[in-house]
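The values are calculated or read from the model by the stated rules, or taken from the named source; none is laboratory data. Here the structure is a predicted model, which means the values were calculated and not measured. Virtual Cβ from ideal backbone geometry, glycine too; neighbours counted across all protein chains shown. Side chains are part of the model used for accessible areas, which takes the heavy atoms of the whole protein and leaves out ligands, DNA and RNA. Shrake-Rupley method; radii C 1.70, N 1.55, O 1.52, S 1.80 Å.
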Amino acid sequence: MDTIQADIAPLAPTKPESVGMSSARLARIRPALQREVDEGRFPGGVVAIARDGRLVHLEAVGFLDPEARVPMRPDALFAIASMTKPVCGVAALSLVEEGRLLLSDPVGAHVPPLMSMQVAKATPAMLSGEGPLDLEPQRRPMTVQDAARHTTGFVYGGFGATAVHAAHPGTSLTVARDHDAASLAAALAATPLRHHPGEAWDYGFSTDVLGLVAGAAGGASLGTLMRQRIFDPLGMTETGYVLPEGGLARFATALPTCPLTGKPQSVAAPDGPPRLEVGGAGLVSTAADYLRFAEMLRGGGTLGGARVLSPATVRWMGSDHLQGIEGGPDRMDPGLAGYGFGLTVAVRRNPGGSAFMGAPGAFGWSGVFGTFFWVDPAERLAVVLMAHAPGEMRLRYRRLVNMLAYQAIED
């Protein structure tokens, strides 16, 4: 801890033993990740851990640029992809707390083109990807709750082999480039749903829909709402949809080829503001900044005197909202077997049954480029992994850092 620069420490540092963690066991993190670097599987990353609101670990391992052998730095910048989603969730919940939204509101009350949707029947032609699609009217309109828990019926193009997936307009990152709010609403309105709203969990444009709703209800762009309601109060000065000034030199790069497939891979730095600030992806952040966000959630909505959400709202966010709904987040990561889903976060239901350690009620999410975070209120823990390790290898590093954090707890 003595080696952490004071200007990048996101929280007050403390000796791990003072909050029931072991310095010796936390020291296992570096060699474990360094072995992965040395074996050519992991480019490098930054791990940040807090307990009881105090910083016990912030360490950079490996390379910022593995080809040029530039060492990783603790203030490195990363494209956090779907870890944007919980930030969008918090922004939307802050509007709920002001009475500008209800979770039971139809999405179409705020984004009118999405009031009436068509749903593709599960015919052999649809499931095979060949088409044509046989459509029927939705059984009920999608709600804000559906948008927050991935039960709108929207999917991502390319995240499945059905004809509905083929009809969807790419991913959050592609629509951020190709659309403004009005044209995205129109494009989604013209897209058939894979499921009836509220009946199945499936990964896709739900959080982008939530971002459209938040922008309409809040009267500002999603990025502006995030900055005003989250980033500025929490001191997250390095998080946004564009790189901070001079940030390109701190933007981490991935291994040039996937260690599993040998195929080329990369993670692009944003080259300017997106056409649309979407809820599903696009933010850039540091481990220190995102740990402040995670610790705010762990602390019941407050950090350093700034209250972003009430404790009751954070508990609501981190509760399982999938009762009676088909599927869950193990569709995205098999290690999440047994997890439910809250409002933009996966929620641990039971002590066992998963590839991850943690107490019931732990919640968090990850990014496709290799980032990962969770908070565990029962264990008083907040953890962030920042890395650009796209591809299936990212699943390994989520589990590795999870285990390394918990094995260091002594009480």
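Data for the structure
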| quantity | calculated |
| --- | --- |
| Rounded accessible area per residue of region 152-229, 1.4 Å, Å² | 29 |
| Computed [θ] at 222 nm, deg cm²/dmol, the chain (DSSP H ≥ 4; -39,500 (n - 2.57); rounded to nearest 500) | -7500 deg cm²/dmol |
| D178/M403 FRET efficiency (R0 51 Å; Cβ-Cβ; nearest 0.05) | 0.80 |
| Principal axis dimensions, largest first and in whole angstrom, of region 29-145 by Cα | 55, 46, 24 |
| Alpha-carbon Rg/Rh ratio, for the chain, with Rh computed the Kirkwood way | 0.96 |
| Under 10 Å, Cβ to Cβ, from L234 - net charge with Lys/Arg +1 and Asp/Glu -1 | -1 |
| Angle between the chain longest axis and helix 84-97 axis [Cα atoms, degrees, rounded to 10] | 70 |
| Degrees separating the helix 287-298 axis from the principal Cα axis of the chain, which is the longest one | 70 |
| Nearest-10 value in Å² for the accessible area of L77, using the 1.4 Å probe | 0 |
| Potential extension, A378-E130 segment - 0.36 nm per residue separation minus Cα distance | 84.5 nm |
| Nearest-ten-degree value, helix 29-38 long axis tilted from longest Cα axis of the chain | 70 |
| Spatial separation of Cα centroids for region 188-219 and region 52-101, in angstrom | 24 |
| Measure of compaction for region 110-261 (Cα Rg per 2.2 N^0.38 Å) | 1.21 |
| Whole-percent carbon and sulfur share, accessible surface of region 229-342, 1.4 Å | 53 |
| Relative pair counts by distance (%), Cα atoms of region 155-229, 5 Å bins | 3, 15, 26, 24, 16, 10, 5, 1, 0 |
| Rg to Rh, two decimals, where region 288-411 supplies the alpha carbon set and Rh follows Kirkwood | 0.95 |
| Exposure of C258 as accessible area (Å², to 10), given a probe of 1.4 Å and all protein chains | 10 |
| Karplus 3J(HN,Hα) series, Hz, for region 329-335 with 6.51 cos²θ - 1.76 cosθ + 1.60 (x for Gly, Pro) | x, 5, 5, 9, 9, x, x |
| Alpha-carbon centroids, region 322-353 and region 371-389: separation in whole Å | 16 |
